[in-house]
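Structure, as structure tokens:
The values are calculated or read from the model by the stated rules, or taken from the named source; none is laboratory data. What you see is a predicted model, and the numbers here were worked out from it, not measured in a lab. Counting neighbours? That spans all protein chains shown, and the Cβs are built from the backbone with ideal geometry, glycine included.
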Amino acid sequence: MICSAPFLLVANPALPAKTFREFIAYAKANPGKINMASPGVGTTPHLMYELLKIMTGIELVHVPYRTGYVADLLSGQVQIAFSTITQAIQYVRDGKLRALALSSAARSDVLPDVPAIGESVPGYDASGWFGICAPKATPAAVTDKLNKTINAIVAEPDTRKRLAALGVLPLSMTPAEFGKLIADDTEKWAKVIRQANIKVE
């Protein structure tokens, strides 16, 4: 495990909701009237929305793109999107997009003033992550050595600073902990895919 990567739920400023709670209330009062962009069916942002839909009961119009959607989000043709922090942060700083919440269970040191969805929707956590894997047959002594070396690199101040600049949170785990995370996430997102009836296109 190298880092956790929460996504940023951003909105076009024309959307009346100014906060995440207001967004949920507005979405419930206007079912099917808010367009949500994603980079495609079954992508991480799409699954983040489906989980939010399951946990809150909101109903948005999912608009999957095969190419970039940012221009349409900025123009208001679509109103919201789950975006990587690096993609959205400058638009938020320039006032062209509004940051509503992070897709994580808790706030991030990267954007401490932006609430986490988990604060309003207990149990919601849809952070992405990055890690390094080895073939299953790799000897434990080798994976343990790699893990200790990688953890030491992630712990270096310069590395942590560079990762934070990318909008991700440095995070280290043992091989067993990382394996459990992969297994748990596989089960979690499989349930969302089944419940949302998402099919390969």
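Grab the strands (runs of 3 or more DSSP E) fully contained in the range 37-130, keeping just those with 2 or more residues being farther than 15 Å from residue 13 by Cα and either hydrophobic (A, V, I, L, M, F, W, C) or in contact with a Leu (Cβ under 8 Å, 6 or more places away or on another chain) (or both).
Numbers: elements: 61-64, 80-84, 98-102, 128-130.
Strands (runs of 3 or more DSSP E) meeting the threshold: 61-64, 80-84, 128-130.
Confirm whether residue 192 is of a type in the set (A, V, I, L, M), touching a residue at least 24 places away in the same chain (Cβ under 8 Å) and more than 25 Å from residue 41 (Cα to Cα). The answer is no for residue 192. Just a yes or no: is a residue in the range 126-141 within 24 Å of residue 25 (Cβ to Cβ) and crowded, with 18+ Cβ neighbours inside 10 Å? For the range 126-141, residues within 24 Å of residue 25 (Cβ to Cβ) and crowded, with 18+ Cβ neighbours inside 10 Å: present.
When 29, 25, 11 are checked against the criterion of being in the same structural domain as residue 191 (by TED's automatic domain parsing) and in contact (Cβ under 8 Å) with a residue 40 or more places away in the chain, 11 stands alone in meeting it. Within the range 32-52, the set of residues being out of contact with any Pro (no Cβ under 7 Å at 6 or more places or on another chain), closer than 20 Å to residue 105 by Cβ and without any contact (Cβ under 8 Å) to a residue 60 or more places away in the chain comprises 49 only.
Among the residues here, residue 143 does not qualify as hydroxyl-bearing (Ser, Thr, Tyr), farther than 21 Å from residue 58 by Cβ and in contact with a strand residue (DSSP E or B) (Cβ under 9 Å, 6 or more places away or on another chain).
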